[in-house]
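First comes the structure, then the notes that go with it.
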């Protein structure tokens, strides 16, 4: 029987959070409702699987579905979206948004955590796995502009959600080819010195495989891994201890987060609402991270006008490329893959111009 550790190095965790070397990983069992059920369990009840004509079969061991046709998948995804549209971020997610993690990986397709950031007016960026598309360009994650990344898609994009075994095999095909995740996120994962797993279903074979693909099992003694998930069997915990060198903690998930929150609060490290005193360039960078490039392009043009002719001419060129791309999209003259590639290139150019402008000031 595995031994749940009570010897948690809290100072180490907080230090690594502040050094931007700690990655938080959230699973479907991380959020428990007042009724004692997880949001995942309530969502499955909402789907009413036994009486749902759109679902041919549900595989509870892996949490995947079988559909008669694509229509069943689309309607089920739509119903899942309806369920989450009716939810409010629980208190634990509001606290997580305040703790200065720079990268948070999410194993569920909902957007409750980004909502928790938005409700508290905390700047962040959100991205997710996109099937058959190149990963988005993102701003390098930081305490001031953290990244929430949905590993298995987002209900905002039905094509991205991993609901079936076929979806999963498409996903792994993308992962194995190293195309599904932004390069800047890969760099942050490789440089992490502390991983915290909350409610992650380690008993799922594909989760274990994914952790290996992400190199979570590398350098087994080079950094710490803590996990809290009381739903796991002793056998699964023992496997994770042996294979991934994970320390399972005695504290339950809310208590674990409460402790980190309290330590950060005592040290005045918690994230506050977006500052009204941020520089104009920081605001532009945040707008770029939201994915709508038109406003930050115009703002950067205004900022550079009369200050630096060379950079001003460059941003005019970037703006022209973006507008041409938008016209092609509107008339259907470009396929989604080429659109994503061009958009990523424009985003990267825009971020480089912002950084270059800051360096010259």
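Rule-based calculations on the coordinates, nothing more; no lab input. Fair warning: this is a prediction, and the values are worked out from it, not measured in the lab. Heads up, the Cβs are rebuilt from the backbone with ideal geometry, glycines too, and the neighbour counts pull from every protein chain shown.
Annotations
- Cα-projected label distance for residue 352 with residue 238, points at 7 Å along beta-carbon direction, nm: 5.5 nm
- FRET efficiency, 1/(1 + (r/R0)^6) with R0 41 Å, evaluated for residue 283 and residue 82 via beta carbons: 0.75
- Net length gained if the chain between residue 66 and residue 140 were fully extended (0.36 nm per residue, minus Cα distance): 22.9 nm
- Ranked 94, 358, criterion: other C-beta atoms within 10 Å, fewest first: 358, 94
- Region 148-168 and region 286-347: distance between their alpha carbon centers, rounded to Å: 28 Å
- Simple label model, 7 Å out from Cα along Cβ direction - residue 301 to residue 186, nm: 3.5 nm
- With a Förster radius of 30 Å applied to the C-beta separation of residue 245 and residue 268, the computed FRET efficiency comes to 0.35.
- The separation of region 12-83 from region 91-145, counted between C-alpha centres, amounts to 17 Å.
- As a proxy for reagent exposure, ranking 31, 18, 272 by other Cβ atoms within 10 Å from fewest up yields 272, 18, 31.
- Those residues of region 96-113 whose amide nitrogen sits under 19 Å from the label point placed on residue 168, 7 Å along Cα→Cβ: 106-110
- Cβ crowding within 10 Å, taken as a proxy for footprinting-reagent exposure, orders 22, 264 from fewest neighbours to most as 264, 22.
- Per-residue extension of 0.36 nm, minus the Cα-Cα distance of residue 179 and residue 259, leaves a gain of 25.1 nm for this segment.
- Short-range pairs are left out: with C-alpha atoms under 8 Å and at least six residues apart, the relative contact order of the chain is 20 percent.
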